[in-house]
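Notes follow the structure.
The values are calculated or read from the model by the stated rules, or taken from the named source; none is laboratory data. Keep in mind it's a predicted model, so treat the numbers as computed, not measured. FYI the Cβ positions are ideal-geometry reconstructions off the backbone, even for glycines, and counts take in every protein chain you see. Heavy atoms of the whole protein, side chains included, go into the accessibility calculation; ligands, DNA and RNA do not. Shrake-Rupley method; radii C 1.70, N 1.55, O 1.52, S 1.80 Å.
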Amino acid sequence: GLRRLLAAAGAGRLRRQARPVLEVSGAGAAPMRGLLFGAAAFTHAVGLAEGRLHRHGLMDNAVVGITGVMMAVQALAGRGAFGRALRQGTAMQVARDNGAAVTGPRFILMATTLDRLMLGLWPFWGDGEGAIRVLDVAAPPQRLGAGLWSLLRRRPPALPGWHSSRAGTLRIDLREGFVLDGETFQPGPDGIRLSATAPLTFISA
């Protein structure tokens with residue numbers, strides 16, 4: 001990767017893009033920064049990947065793709081401890097910007113400042129102000145199969161409990177781990193706060 005960047009720089013072919021990144025405070029002494037945040041089923045899927053798939057030599061994008069499929073299948077079937085835990089959700093409070101906190105279990109909570117994800121997936125469709133795109137699905141998820149099929153087709157699920165919007169900040173109170181760029185962290189006793197940084201410049205070949 002470094003060799004490609006150096007070659008592109010020497011040939012004047014570097015591409016530059018400015019975008020904000022997520023800043024997560026409340027989970028340690030210093031804020032953390034990343035591009036993709038996930039909690040509830042997202043955290044369970046990463047835990048499943050770390051516990052099972054890495055032992056078979058599968059890493060990075062393969063883990064993300066396979067755990068997503070496994071999570072969907074087990075949640076749809078609703079069988080076993082893992083499937084039941086996914087459907088039961090994770091208890092948390094979520095407040096957007098200066099709004100009141102909404103309390104209840106979540107099937108999945110995701111946030112990003114990106115405008116696209118790998119494999120063409122894009123589970124965000126809501127409008128609003130702010131650089132953070134949010135997917136918030138209540139637990140137990142209503143008509144999970146239909147909702148997932150809509151997301152795969154990049155269409156908003158017209159279902160109760162399936163919400164997407166944009167925000168400037170998110171305040172999240174939860175007692176389970178969350179994932180930032182593929183790594184799991186524990187929240188502080190007062191929860192965590194997500195905000196967007198000033199735009200940073202990314203380069204690519």
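A few notes on this one:
- Residue 72 being modelled with pLDDT of 85 or more and surrounded by 14 or more Cβ atoms within 10 Å (Cβ to Cβ): no
- The single residue among 65, 83, 51 that is at pLDDT below 95, outside any strand (DSSP E or B) and farther than 18 Å from residue 145 by Cα turns out to be 51.
- Whichever residue in the range 85-103 is open to solvent by 30 Å² or more (accessible area, probe 1.4 Å) and within 17 Å of the chain's Cα centre (by Cα) and, among such residues, is nearest to residue 191 (Cα to Cα): 93
- Within the range 132-205, strands (runs of 3 or more DSSP E) holding 1 or more residues that are of a type outside the set (Val, Ile, Thr) and open to solvent by 20 Å² or more (accessible area, probe 1.4 Å): 132-138, 162-167, 169-174, 183-185, 192-196, 200-204
- Close pairs from the range 128-150: first within 22 Å of residue 171 (Cα to Cα), partner assigned to a strand (DSSP E or B) and hydroxyl-bearing (Ser, Thr, Tyr), Cβ under 7 Å, at least 6 apart: 128/165; 133/112; 134/164; 134/165; 135/164
- Consider the range 157-171 and keep the residues that are out of contact with any Asp or Glu (no Cβ under 6 Å at 6 or more places or on another chain) and of a type in the set (A, V, I, L, M, F, W, C). The one that is nearest to residue 25 (Cα to Cα) is 170.
- Residue within the range 26-46 that is modelled with pLDDT of 60 or more, among the β-branched types (Val, Ile, Thr) and part of a loop (DSSP other than H, G, I, E, B) present: no
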